[in-house]
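Down below is the structure, laid out as structure tokens.
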Amino acid sequence: MTVRPEDDAPRPPAGDGFSDAVTVAFGDERADLFGVTRLGLAENGASGLAIVFHRGEPVSVRAEAGVEVNAPRAWDEVSAAGLDTEVVEPLRSWRLQYAADDATLDLDLRAVGAVAALDPEHPAARAGGMTGFEQAVRVTGTATLRGQRVSVDALGHRGHSSRAPDWDRIALARTVGAWFDDDLAVSLTAIRPAGAKHHEDERVAATILEHDPESDAPRATAVVDPRLSTTYDADGRQLAAGLELFVDEDGAPRRAAGEVACGTTLDLGRLTLHCAFFRWRMEGRTGVGRYDVLARSS
């Protein structure tokens with residue numbers, strides 16, 4: 001799948017249940033600050049979700065849906081839940097602002113590597129009814145958290161996804177990102193079909209984003225056989241995880257391990273979101289990242 005600059009713009013509706021969204025997640029371990037935002041479009045209007053953690057606790061959680069919007073051609077025409085975003089240069093740089101009573105964000109995002117694209121024909125894309133792409137980003141700017149001003153210098157990712165999921169056929173969806181400096185990141189999506197019980201039953205897509213020393217250029221390497229294992233607490237929230245990433249059928253896997261730094265659970269009606277940020281280790285390097293589980297409510 002080739003991603004072009006015009007793919008950074010909002011996409012027109014494409015049938016019942018279709019939604020188009022831009023998601024940004026970031027982690028600044030020095031400031032102990034983590035956040036995830038989602039600005040979306042659907043037939044019933046615009047929606048927004050923002051969760052900000054500081055010092056291990058959620059300091060701001062805000063969601064809004066059904067905001068009237070008239071066929072926007074650019075993301076700067078969309079606003080919900082106190083979120084505003086701007087594409088400064090498609091696929092290269094963006095701005096993100098968030099305003100709430102308990103937190104504000106004023107952030108610049110800069111792409112730092114290749115694009116991880118999810119092919120519409122991949123089993124994970126077909127199972128989840130989705131397509132899209134993701135980029136590792138460097139996030140800089142400022143945050144105000146309960147009156148305290150904090151300088152932000154974070155790693156993260158920005159993703160643009162379009163989907164029409166059939167939650168009668170999906171048990172849960174996982175989103176994992178691990179970010180190590182500006183030249184190594186991992187992106188993973190997993191879809192568990194309804195009726196399946198274990199990780200091994202999931203449709204998984206993963207990409208390693210890194211710098212290629214031979215070509216002196218960023219590259220995106222699709223993982224042939226990605227494997228994700230998770231340890232949960234008594235309430236089903238993710239505590240620790242391991243990745244085994246086989247980039248070819250005969251070689252040894254590249255491995256990563258992480259443990260939770262902070263998290264929370266949101267009741268979204270028919271769905272439940274377990275949102276968590278992790279501290280990761282991979283090949284002697286440390287980093288941060290996101291691990292979300294979106295599941296049908298029991």
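The values are calculated or read from the model by the stated rules, or taken from the named source; none is laboratory data. Worth saying up front: this structure is predicted, and the values here are computed from it rather than measured. As a convention, Cβ positions derive from the backbone with ideal geometry for all residues, glycine included, and neighbour counts pool all protein chains shown. Heavy atoms of the whole protein, side chains included, go into the accessibility calculation; ligands, DNA and RNA do not. Shrake-Rupley method; radii C 1.70, N 1.55, O 1.52, S 1.80 Å.
For the stretch 80-126, give me each residue that is over 17 Å from Asp20 (Cα atoms), among the hydrophobic types (A, V, I, L, M, F, W, C) and open to solvent by 40 Å² or more (accessible area, probe 1.4 Å).
Result: Val88, Ala99, Val115.
Being modelled with pLDDT of 95 or more and of a type in the set (Val, Ile, Thr) is the filter here, so list the residues in the stretch 225-256 that pass it.
Across the stretch 225-256, the qualifying residues are Thr230, Thr231.
Pull up the stretch 157-177, narrow it to residues that are small (Gly, Ala, Ser) and part of a strand (DSSP E or B), then point me to the one that is nearest to Ala276 (Cα to Cα).
Here is the first cut: in the stretch 157-177, the residues small (Gly, Ala, Ser) are 159, 161-162, 164, 171, 173, 177.
From the residues that got through so far, the ones that are part of a strand (DSSP E or B) too are 159, 161-162, 171, 173, 177.
On the way: Gly159: 17, Ser161: 20, Ser162: 22, Ala171: 19, Ala173: 14, Gly177: 11 Å.
Result: Gly177.
To keep it simple, each residue is scored yes or no on (1) farther than 19 Å from Gly289 by Cα; (2) touching a strand residue (DSSP E or B) at 6+ places or on another chain (Cβ under 7 Å).
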{"residue": "Ser215", "(1), (2)": "yes, no"}
{"residue": "Ala220", "(1), (2)": "no, yes"}
{"residue": "Phe246", "(1), (2)": "yes, yes"}
{"residue": "Arg254", "(1), (2)": "no, yes"}
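Considering each of Ser47, Ser93 in turn, give the residue that is touching a residue at least 24 places away in the same chain (Cβ under 8 Å) and of a type in the set (Ser, Thr, Tyr). Give the steps one after another, and end with the answer.
Details: Ser93 fails: touching a residue at least 24 places away in the same chain (Cβ under 8 Å).
Just one listed residue meets the conditions, Ser47.
Which residue, of Gly263, Gly258, Gly251, Gly177, is more than 20 Å from Gly156 (Cβ to Cβ) and open to solvent by less than 70 Å² (accessible area, probe 1.4 Å)?
On the way: Gly263 fails: more than 20 Å from Gly156 (Cβ to Cβ); Gly258 fails: more than 20 Å from Gly156 (Cβ to Cβ); Gly177 fails: more than 20 Å from Gly156 (Cβ to Cβ).
Only one candidate qualifies: Gly251.
So which strands (runs of 3 or more DSSP E) stay within the stretch 90-156 end to end and still have 3 or more residues that are under 22 Å from Tyr291 (Cβ atoms)?
Values: elements: 93-99, 103-118, 130-145.
Passing ranges, in order: 103-118, 130-145.
Since Tyr232 meets every condition but one in (1) within 19 Å of the chain's Cα centre (by Cα); (2) closer than 17 Å to Val293 by Cβ, which condition does it not meet?
(1) is the only condition that Tyr232 fails.
Which members of the stretch 131-170 meet the condition of being open to solvent by 20 Å² or more (accessible area, probe 1.4 Å), of a type outside the set (S, T, N, Q) and closer than 28 Å to Ala196 by Cβ?
Of all residues in the stretch 131-170, those open to solvent by 20 Å² or more (accessible area, probe 1.4 Å) come to 131, 134, 138, 140-142, 144, 146-149, 151, 153, 155, 161, 163-169.
In the following step, the residues that additionally are of a type outside the set (S, T, N, Q) were identified as 134, 138, 141, 146-147, 149, 153, 155, 163-169.
Matches in the stretch 131-170: Glu134, Arg163, Ala164, Pro165, Asp166, Trp167, Asp168, Arg169.
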